[in-house]
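A quick write-up on the structure given underneath.
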């Protein structure tokens, strides 16, 4: 173990970080993605301090195989783009670079500063960047070339203690980003770590903030959860902390009211990772118990039955908005488990607001042609607004314009 120092304003050396060697952190180079190693090497050869960071480092230390390898560098997005031709800059406020290696995408970000606050997009130093990360176990920097882990915030010690500790002050950590509550519980459940009492109390206090999160971000989080080998445990803990009702309100209600549904739902989620290579398999874990309880498997027309089940499933997972093809695969997979082969059908879906989202049936599909438009706000309805007869418009007469002499149009 080595210590990294930096000079203070008065010239004295102050401790900045602890550097762990391979024998101390235990990461095997064979477990590190070769393309991630190549990307970090290219950036370092260009003169930029670069590391693998975040969840990948955490999982490698815990002996797990990471699914994603995020990279952070001293290089600006523009410079990264010039170094890697097969890349593109994404984001408006938080600009970063996606580097493509075959079918894999590596997210490469630039060290962020604290100059304009914890959510600014000002580039800075590694010492500033680490203080913008959420929890200590996710704030470890791994150099695959030197095979060292750089720890500024005591993350290695917290991993050893199996404890989730925030870096950002509790007063602002969840107001800055409410999704961090979901991630804290997810990390704890997946790794078997405990959340300190102060952190649990703050999560319960700030949980209503999740109601303001966009459906797209909630969809992203639940999609990650159902693909985790610990999906059942994660959902159980989220539900116990009062957070799952913001991710899956219909399922959360049934988990509370129906012990049988609770048992089968959590068991389905726990088996999701076993066959996640099948299209729709992970999504099927969310809707299996619901559809099995509410679908007439002996119906005379399986195709119509499939349509009703698809619409019911779509309502059930709200506010999650999964890709239609993924939900279609999931529904047909469940039908196949009951010996029913159905083909994908195209039909319009309109989810009426205020309808019972947990009650399946053909009536949930509003496939009728839209009626007359309601009057605009502040406009007094006229005759055309009070009935479906279209308003007649007078055709304008076109006036022929002669071409100028000596030429053609």
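The values are calculated or read from the model by the stated rules, or taken from the named source; none is laboratory data. This is a predicted model, so every value here is computed, not measured. With ideal geometry, Cβ positions are generated from the backbone for all residues, glycine too; neighbour counts draw on all protein chains shown.
Annotations for the structure displayed:
So that you can scan it fast, the table gives a plain yes or no per residue for (1) farther than 17 Å from residue 342 by Cα; (2) buried (at least 18 other Cβ atoms within 10 Å of the Cβ); (3) touching a helix residue (DSSP H, G or I) at 6+ places or on another chain (Cβ under 7 Å):
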position	(1), (2), (3)
284	no, yes, yes
292	no, no, no
296	no, no, yes
300	no, no, no
308	no, yes, yes
312	no, yes, yes
322	yes, yes, yes
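- Residue match in segment 65-78 (condition: outside any strand (DSSP E or B), touching a strand residue (DSSP E or B) at 6+ places or on another chain (Cβ under 8 Å) and free of Cβ contacts under 8 Å to residues at least 12 places away in the same chain): yes
- Residue among 56, 17, 36 that is outside any loop (DSSP other than H, G, I, E, B) and modelled with pLDDT under 95: 17
- Of the helices (runs of 4 or more DSSP H) lying entirely inside segment 211-326, those containing at least 3 residues that are in contact (Cβ under 8 Å) with a residue 40 or more places away in the chain span 215-226, 231-240, 249-257, 281-294, 302-316.
- Some residue of segment 250-266 being within 17 Å of residue 182 (Cβ to Cβ), surrounded by fewer than 17 Cβ atoms within 10 Å (Cβ to Cβ), modelled with pLDDT of 95 or more and in contact with a helix residue (DSSP H, G or I) (Cβ under 8 Å, 6 or more places away or on another chain): no
- Out of 43, 96, 62, sole residue that is more than 24 Å from residue 125 (Cα to Cα) and either surrounded by 14 or more Cβ atoms within 10 Å (Cβ to Cβ) or touching a strand residue (DSSP E or B) at 6+ places or on another chain (Cβ under 7 Å) (or both): 62
- Criterion: in contact with a helix residue (DSSP H, G or I) (Cβ under 6 Å, 6 or more places away or on another chain), at pLDDT 95 or above, within 19 Å of residue 50 (Cβ to Cβ) and crowded, with 21+ Cβ neighbours inside 10 Å - qualifying residue of 108, 72, 150: 108
- Among the residues of segment 226-249, not one is surrounded by fewer than 18 Cβ atoms within 10 Å (Cβ to Cβ), within 20 Å of residue 200 (Cα to Cα) and within 17 Å of the chain's Cα centre (by Cα).
- When residue 192 is tested against (1) farther than 15 Å from residue 238 by Cβ; (2) under 22 Å from the mean Cα position of the chain (by Cα); (3) at pLDDT 95 or above, only condition (3) is not met.
- If you check 210, 170, 197 for being surrounded by fewer than 20 Cβ atoms within 10 Å (Cβ to Cβ) and in contact with a helix residue (DSSP H, G or I) (Cβ under 6 Å, 6 or more places away or on another chain), only one passes: 170.
- Search result, residues across segment 39-53 that are part of a loop (DSSP other than H, G, I, E, B) and in contact (Cβ under 8 Å) with a residue 40 or more places away in the chain: 49
- Selection of segment 82-95 for residues being in contact (Cβ under 8 Å) with a residue 12 or more places away in the chain, assigned to a loop (DSSP other than H, G, I, E, B) and under 25 Å from the mean Cα position of the chain (by Cα) yields 86, 93, 94, 95.
- Meets criteria (surrounded by fewer than 19 Cβ atoms within 10 Å (Cβ to Cβ) and either more than 32 Å from the chain's Cα centre (by Cα) or within 18 Å of residue 126 (Cβ to Cβ) (or both)) for residue 79: yes
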